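What follows is a short report on a single structure.
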Amino acid sequence: MRVVADRAGWRAELEEARRQGSRVGLVPTMGALHPGHASLVSAARRRCDLVTTTIFVNPLQFGDAADLDAYPKVLDADLELLEPLGCDLVFAPSVAEMYPRHPAPARTTVHVEGAAVGFEGAGRPGHFDGVATVLALLFNLAGPCTAFFGEKDFQQLSVVRQMVEDLDLPVEVVGCPTVREEDGLAMSSRNVRLGPEGRVSARALSAALAAGIEALGSGSVTAAEAAMAAVLEAEAGVEPIYAAVVDPATMATPESAAAGDELRLLVAASVDGVRLLDNLPGRLGPA
Ligand code: AMP
């Protein structure tokens, strides 16, 4: 496994690999890797010839400087996790390498609407523009590739699919299922910031989704949203942020959903001051 920190070196290696007929698999991450990230690398390994993981904590997608500072940075441990998974090439650039003008405001950014509106887009202004901007830069450096993203960040996955479609980028986007702890909590680099009690309370997010899926099966979107909200509200130490059912492609409220349609249930809550997200698919049952 090779590790490069410069854009030109990374771009050149991927160009050379493609020239030799390799299909490039790209796994963008912010590091502090866990089995959820590992599942993306393994999916890339199965489908592609050259697997490259990027590790870059992107300052443009953090609204809050304290959240950026608190984000775990553990490159050596990340490399140890990646090596046995068969990752071929790691791109771990500095902020100066990615954004030479930083911290001066970025001159050119990608602005996303549509799937980026509401939910994380509402709670974290500028977040998805920051995500889209760094991914546009990474996709441009990487060139034609298959890129792997977790369904864990479902709105992000929808925003990436939308950007790739709208800008006709030469990237195939693959979504991979959420990897969970044994008690159902979605794995996240942020979970280490939960205290022991918060860690127990955090189970309410996956429990809320289970309640929502059941209520959705009885034919009502509003009943599903209410069921999820009730589970979050009942748990001490959990501050609900949203509980919603959306059209998975557009992230909009499903105005004209019919029985049998697959929708997406989303929850977000703050636990110990940590913003936790989760989501699952659910099918609307007959009313
Ligand atoms: P991050 O490092 O948080 O930016 O995440 C990098 C990628 O890993 C994103 O595509 C995430 O959706 C994905 N990811 C994070 N947690 C999980 C998880 N528990 N299961 C599957 N994918 C995940």
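Any read-out appearing in this document is the output of simple, stated calculations on the displayed coordinates, not a laboratory observation. All values derive from a computational prediction rather than experimental measurement. Positions of Cβ are backbone-derived with ideal geometry, glycine not excepted, and every protein chain shown enters the neighbour counts.
Tabulated values for the structure
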item	result
Distant-in-sequence amide H partners of V74 (H built 1.01 Å from N, under 5 Å)	A32
Region 73-80 - phi-based ³J(HN,Hα) in whole Hz, Karplus 6.51/-1.76/1.60, Gly and Pro as x	10, 9, 4, 4, 5, 4, 5, 5
Fully extended contour minus Cα-Cα distance, from D76 to A249, at 0.36 nm per residue	58.6 nm
Helix 203-217 vs. the chain, principal-axis angle (Cα, 0 to 90°, nearest 10)	60 degrees
Cα gyration tensor category, rounded, prolate or oblate, for the chain with a/c compared to 1.5	prolate
Estimated vicinal HN-Hα couplings, Hz - region 218-223 in sequence order (Karplus 6.51, -1.76, 1.60; Gly, Pro = x)	8, x, 9, 5, 5, 5
Ranked packing of 73-81, 160-168, 97-105, most packed first, by mean Cβ within 10 Å	160-168, 73-81, 97-105
Degrees, to the nearest 10: 154-166 long Cα axis against longest axis of the chain	50 degrees
Spacing of the two label points (7 Å from each Cα toward its C-beta) at E113 and S256, in nm	2.2 nm
Efficiency of FRET between A8 and E83 - r from beta-carbon atoms, R0 35 angstrom, step 0.05	0.90
Region 94-172 shape via C-alpha gyration tensor axes, a/c threshold 1.5	oblate
Using alpha-carbon coordinates, inclination of helix 7-19 to the longest axis of the chain, degrees	90 degrees
